[in-house]
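Reading through the structure tokens given below for one structure.
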Amino acid sequence: MRIEDLQDILPLIEKPSNYLGSEINSIKKDPGRVKLFFALAFPELYEIGTSHFGLQILYHILNSHPEIAAERVFAPGLDMEAYLRLSGNSLVSLESHKPLNRFDIIGFSLLYELNFTNILTILDLAGIPFFANQRDWSDPLIVAGGPCTCNPEPIADFFDAIVVGDGEKVVMEMSHTWLNWKKNRNTDRELLLKTWSSIEGVYIPSFFEPVFNKNGFQTLLTRNSNCASASKRITRTILESLDQGLFPDAPIVPFGRPVHDRLRLEVSRGCTRGCRFCQAGMIYRPVRERPVETLLSLSEASLGATGYEDVSLLSLSTGDYGCIIPLMEHLMARCEPRHVAVSLPSIRAGTLTPNLMKLIKKVRKTGFTIAPEAGSQRLRNVINKNITNEEIFNTVQDAFGLGWQVIKLYFMIGLPSENDNDLQSMVNLIRELRKIRGPHGRKGKLNISITTFIPKPHTPFQWVSQIPLNESKEKIRWLREKLRMSGIHFKWQNPEASILEGLWARGDRKLSRLLVTAYRLGCKFDGWSETFQYDLWEKAFIDAEVDIDFYTTRCRDTSEPLPWDRIDIKVTKDFLIQEWEKSISGQPTPDCRGGACNNCGVCDFDGVAPRVFSSVTNEIQDPPRRETVLKPSYQKIQVSYSKQDQARYFGHLELVNIFLRALRRAEIPVKFSEGFHPMPRVSFDDPLPVGMEGTNEFLYLTIPDNIQPWEIKKGLNAHLPGGLCVHECRPAPLRSAGNACRLATYQITIKDGFFDQKALNCFKESREFILRRKDRKGRWKEIDLKDMISEIDIIGPRRMRMTLKSKPGKTIRPFDVMRKIFNLPEEKIKQARIVKGLIPERSKAK
């Protein structure tokens, strides 16, 4: 797609900044020096995909090689997709806006089964055939990685290669292999795939033929015995030490509002708690922790490079990190003076101690999610969730006692052997937790989240049946009724989405046809309630002749061949069977982290072994704490800036974040408010709507007296993205009276057509010109445009200048004038270039 085409489309869509590709720390390379163009594709919306830190790790690793350019692509929003199809333009990457079909390799990150239809959306919009056997040497190679590849069979036919396990080492091995293959001017893809198949963790689906017996069970036979991976199982590749992998210390800071808008530090990978339902706990073994020293160094560099105000410690169970208290103490010594909050999104009841809570609340009380999973101790023993009601109760009591007001609790229904008593126990537990009071008898709130249990491959429950759809709906309905009371917010995952996820989790290659059928019917973004259409999936089941119960509600025998049997995640089937048998009797399995080995099969105690830290090895020097006897003196500064070109696509909240983080990166200290949730003293004057440019906008910030205005200008301009520029900083003038009328001049240029002089004359000759519109509360208001427009003139066939008044409680924008006076269509209004203030000479020349 040409840049000009993108500029025509962006004004018309809901979240235009998602497609700019010019975020802080994004990387753009000289294409003349690049030999391998690698697209990192995430089959979800930008705000979801850009929050996935695995993608940032691969982006950092690939771009560290001078001959490789890694660029990102996400599933476009429905509005962008519609415009791409209507215009005939191809889906492009963010960084260079290069058409996706002109990349050498496209690598998909597969984290969630309900994203599978979005894979086809991306391929379709790029003009790339879906099936690997339909593509030739002129098409990009399509590869996949991520947790969903532990059963790659349902989507195997779409990919040339699939990575099973940690991608850090494999992605560079595959890239180096491609560079050597291309260096020899080779176009024999079969030869490249054969070489790739010799890399640990790489599965080449075309080298295997699926065969189905009379019962419909799939096994894989080799198509080519000469291929390295064809004669053996595909073994999961494991990064033995997290320090072996390059970890980004300058991650991309997304535009917009990503779901995880904070700095993320992976403190450890893997979990040995042994929850029998948890796929991640099996496929990411063994536990590998990062040293405290490494994490502190990464946090320092990353906060300086991003300007984030929140740090999130990532792990399957962050509270199990061996040095969590020393890490938090040292982190808070660095973060508290900067007003940077630290959160632990994944925490286990019993490990969330009062000491840990006190450290977290030093800056801000970040959220907690506790996952009891089941309401009764009997059922928690079945699933090996080794926590007690007492531990759950004490954790919630401590949190409310220390000032937290909301706690999220996560439960599942449909777990193996669940009965009515277990559901009643869940209700009883929640009701008891609801009685807990905080300081001064304050009542806390409980957010209860319910999801239907989905059996996953490579877990002890991979053989059990998923409860039928009607049963899932009935249990959720019953729980809703029992928990309909004040102080409890109850939400649940759509059971229809859960049954569909279960289908893809344990599916085989027969499902590839189903995916294409469902996509052709209109299925996409199936993880979103707004776009999920189960009725279309039901039609697809019929058209593709798929029996969903065969994959979901049917109970399997442990001797039955499974579609994922070729994938060796290193946890043995014998161990999984043993755990399944122990679950039947409710026998728990202890955590091997601090005890005897449970013989799951992962560790060889040579290269692959647990890597945990029980103490800090080196003495760590924290920054000296500044003791202030007198409060510093502050000054209020007015900052004049322009918002032009690509910056016009930033919404107001987005712009606030951009400036706040630029201030942090520039190390400009800003005064914070007092109280429960301290906020920086920064305010904006008359924020511009999305799509409008301004040459002389204002913001105000309160800073220490010893900071000079020129330092602010220099610091901000060094850290703002393109399109934003600070022109002047000076002491803020005294505010004018609140009832003053303010004037703003705008110049509007429309893309094509002309402004109708007759319509303008009609307005000028009218005694009144009433605009009716709804206010924020939905009430109709009347505004006389004659009273609000100071001047208005057409200065060219496609250009107009107007000066508008702004009064307390009464404001109009150029959009209103173009609509009411000139009756322009909405699309033409959105595509118009509207600039508030003086117009630069380069713009006048257009």
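The values are calculated or read from the model by the stated rules, or taken from the named source; none is laboratory data. Keep in mind the model is a prediction, meaning the values are calculated, not measured. Cβ coordinates were reconstructed from backbone atoms using ideal geometry, including for glycine residues, and neighbour counts include every protein chain displayed. When the accessible area is computed, the model is the full protein with side chains, heavy atoms only, and any ligands, DNA or RNA have been set aside. Shrake-Rupley method; radii C 1.70, N 1.55, O 1.52, S 1.80 Å.
Of Lys475, Lys29, the residue with the largest accessible area leads and the full order is Lys29, Lys475 (1.4 Å probe). For Lys573, the aspartates and glutamates whose Cα comes closer than 16 Å to its Cα, not counting residues fewer than 8 places off in the same chain, are Asp557, Glu560, Asp565, Glu581. Taking a ≥ b ≥ c as the square roots of the eigenvalues of the Cα gyration tensor, an a/c ratio of 1.5 or more together with a/b no larger than b/c marks the range 462-561 as oblate.
Can you tell me the orientation of helix 78-87 relative to the chain, as the angle in degrees between its alpha-carbon axis and the longest Cα principal axis, to the nearest 10? So the inclination is approximately 80 degrees.
I'd like the carbon and sulfur percentage of the solvent accessible area for the chain, probe radius 1.4 Å, heavy atoms only, ligands and nucleic acids excluded. Mind dumping the intermediate values first?
Details: 18180 of 36540 Å².
Percent of accessible area from carbon and sulfur atoms in the chain: 50.
Overall, the range 478-573 carries a charge dipole of about 320 debye about its Cα centre when +1 sits on the Cβ of Lys and Arg and -1 on the Cβ of Asp and Glu, all other atoms neutral. Helix 495-505 axis versus longest C-alpha principal axis of the chain: approximately 60°, rounded to the nearest ten. Averaged over all directions, how much area does the convex hull of the C-alpha atoms of the chain cover when projected, in nm²? Over all viewing directions, the chain projects a mean Cα-hull area of 39.7 nm². Cross-link reach is defined here as a Cα-Cα straight distance under 22 Å, omitting same-chain residues fewer than 8 places apart; for Lys713 the lysines meeting it are Lys636, Lys643, Lys671, Lys836.
Which sequence of Val427, Val259, Val546 reflects their accessible areas, 1.4 Å probe, from the largest down?
Details: Val427 0, Val259 75, Val546 20 Å².
Greatest to least solvent exposure: Val259, Val546, Val427.
Can you give me the angle between helix 53-63 and the longest principal axis of the chain, using Cα atoms only, in degrees from 0 to 90, rounded to the nearest 10? With rounding to tens, the tilt is 80 degrees. For the pair Thr353 and Asp787, the difference between a 0.36 nm per residue extended length and the Cα-Cα distance amounts to 150.0 nm.
Around Ile128, under 13 Å between beta carbons, what's the net of Lys plus Arg minus Asp minus Glu among the other residues? Let's see the in-between values first.
Values: positive: Arg102, Arg135; negative: Asp104, Asp124, Asp136, Asp139, Asp160.
Residues near Ile128 contribute -3 overall.
Excluding ligands, DNA and RNA, the accessible surface per residue across the range 628-781 is 57 Å² with a 1.4 Å probe.
What would the Debye formula give as log10 I(q)/I(0) at q = 0.14, 0.15 Å⁻¹ for the alpha-carbon point model of the range 535-641, no solvent? Once normalised to I(0) and log-transformed, intensities are -0.88, -0.96.
Taking the charge dipole of the range 440-563 about its Cα centre, with +1 at Lys and Arg Cβ atoms and -1 at Asp and Glu Cβ atoms, the residue from Gly441, Trp492, Ala505 reaching farthest to the positive side is Gly441.
When Cys523, Cys762, Cys603 are compared by accessible area at a 1.4 angstrom probe, the order from most to least is Cys762, Cys603, Cys523. Projected label points at Arg779 and Arg33, each 7 Å from Cα along the beta carbon direction, are separated by 6.2 nanometres. Here is how the number arises for the chain: DSSP H runs of 4 or more residues each give -39500 (n - 2.57), the sum is divided by the residue count, and the result at 222 nm is -8500 deg cm²/dmol.
Out of the trypsin sites (Lys or Arg not before Pro) in the range 680-765, which ones are loop residues according to DSSP with at most 11 other C-beta atoms within 10 Å? Walk me through the numbers on the way to the answer.
Working: sites: Arg681, Lys713, Lys714, Arg735, Arg742, Lys751, Lys758, Lys764; in loops: Arg681, Arg735, Lys751.
Qualifying residues, ordered by number: Arg735.
Relative to the current alpha-carbon distance between Ile620 and Tyr634, full extension at 0.36 nm per residue lengthens the span by 1.7 nm.
Note on the range 103-225: Lys pairs 8 or more places apart or on different chains, Cα atoms under 29 Å apart, count 5.
Which longest uninterrupted range of the chain lacks any GluC sites (Glu not before Pro) assigned by DSSP to a loop state (not H, G, I, E or B) and surrounded by at most 13 other Cβ atoms within 10 Å? Longest run free of exposed loop sites: 68-529. Taking all protein chains as they are arranged and a probe of 1.4 Å, the heavy atoms of Asp535 leave approximately 100 Å² accessible to solvent. Ignoring lysines fewer than eight residues from Lys810 along the same chain, the ones with Cα atoms less than 17 angstrom from its Cα are Lys774, Lys777, Lys781, Lys786, Lys820.
Taking all protein chains as they are arranged and a probe of 1.4 Å, the heavy atoms of Leu239 leave approximately 0 Å² accessible to solvent.
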